[in-house]
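Enquirer: Got a structure here, written out as structure tokens. Questions coming.
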Amino acid sequence: MIEINNVWKRYGDNVILENISATVKEGEFITLVGASGCGKSTFLKMLLGTDTASQGDILLDGKPIPSEPDAERGVVFQQYSVFPHLSVLDNVVIARAFEKTKIGFLWGSAKKAARTEAAELLDIVGLGHMQNRYPDELSGGMRQRLAIAQALILKPRILLLDEPFGALDPGIRADMHDLVLDLWRKHKLTVFMVTHDLKEGFHLGTRLWVFDKRRVDLQAPNAYGAGITYDLPVGVCEPELLDEIDSSLMVKN
């Protein structure tokens, strides 16, 4: 489904990512871990289309990935992307409205259909009883469920998650893990999720990518970028290797 061919990302003389190549099949769940600032979120932005590679290419179904976000790629950030002046239901409806019209409004049967679709989706993510509330009345976990519903109403093939659970306490994070895994299976999504938590990354999905620099120049720390140093199938990694990766990430964080 996705081919990543010799991708580099530079900002001036600052090399963020270097020589990344990988293939991803439809329906895989990829978790990305690495030290802060190593380029994980930059890579996610390139998949979304809000940033472009300086060199190399990313192909979707054999064609260059669109350079602007579209309905095929949904995204959920750690910072809740919700509209405070809209109800929970209308926050989901507006995602569909902006897909249909540039001004974000629907009328008649289209509006009724979108509200029905949004209500059904809110039931799925466990917010059906909160659809008439406003975001400031929701807990952090509820707001993140709302952001996921916003992304899913467009029925994306690819779901991009940028540290979506970093601000949540452990109990709520566990619930969100179950929700995302359930949605991934039911909707047959291809998922990329950035996380700083190695255990979270190894618990979720099918593959774990570790981003790190293969070479370092202490006199010119920005001369080299990060690549995928480990591409591990989840569940079959030796504990010693996980400890080695975890120790490396802890030192660099």
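Enquirer: Only residues that are among the small types (Gly, Ala, Ser) and either under 22 Å from ARG157 (Cβ atoms) or assigned to a strand (DSSP E or B) (or both): list them for the stretch 1-26, please. Quick ask: steps written out before the conclusion?
Expert: Narrowing the stretch 1-26 to residues among the small types (Gly, Ala, Ser): 12, 21-22.
SER21, ALA22 - these are the residues of the stretch 1-26 that are among the small types (Gly, Ala, Ser) and either under 22 Å from ARG157 (Cβ atoms) or assigned to a strand (DSSP E or B) (or both).
Enquirer: For the stretch 114-160, which positions are without any contact (Cβ under 8 Å) to a residue 40 or more places away in the chain and closer than 16 Å to TRP184 by Cβ?
Expert: LEU121, ARG145
Enquirer: Hey, could you check the stretch 33-56 for residues that are at pLDDT 95 or above and assigned to a strand (DSSP E or B) and say which is surrounded by the most Cβ atoms within 10 Å (Cβ to Cβ)?
Expert: Here the answer is GLY56.
Enquirer: Follow-up. Could we say that ASP90 is in a loop (DSSP other than H, G, I, E, B) and either in contact (Cβ under 8 Å) with a residue 12 or more places away in the chain or closer than 25 Å to LEU127 by Cβ (or both) here? Break it down into steps so the answer makes sense when it comes.
Expert: Numbers: in a loop (DSSP other than H, G, I, E, B): no; either in contact (Cβ under 8 Å) with a residue 12 or more places away in the chain or closer than 25 Å to LEU127 by Cβ (or both): yes.
No; evaluated as a whole, the condition is false for this residue.
Enquirer: For the stretch 149-171, which residues satisfy the criterion of being surrounded by fewer than 17 Cβ atoms within 10 Å (Cβ to Cβ) and part of a helix (DSSP H, G or I)?
Expert: Filtering the stretch 149-171 for residues surrounded by fewer than 17 Cβ atoms within 10 Å (Cβ to Cβ) gives 154-155, 166-167, 169-171.
Selection gives PRO170, GLY171.
Enquirer: OK, next. Does the stretch 103-120 contain at least one residue that is surrounded by fewer than 14 Cβ atoms within 10 Å (Cβ to Cβ) and within 20 Å of PRO69 (Cβ to Cβ)?
Expert: Yes, the conditions are met somewhere in the stretch 103-120.
The values are calculated or read from the model by the stated rules, or taken from the named source; none is laboratory data. Because the structure is predicted, anything quoted here is derived from the model rather than measured. Cβ sites come from the backbone with ideal geometry, for glycine too, and all protein chains shown count toward neighbours.
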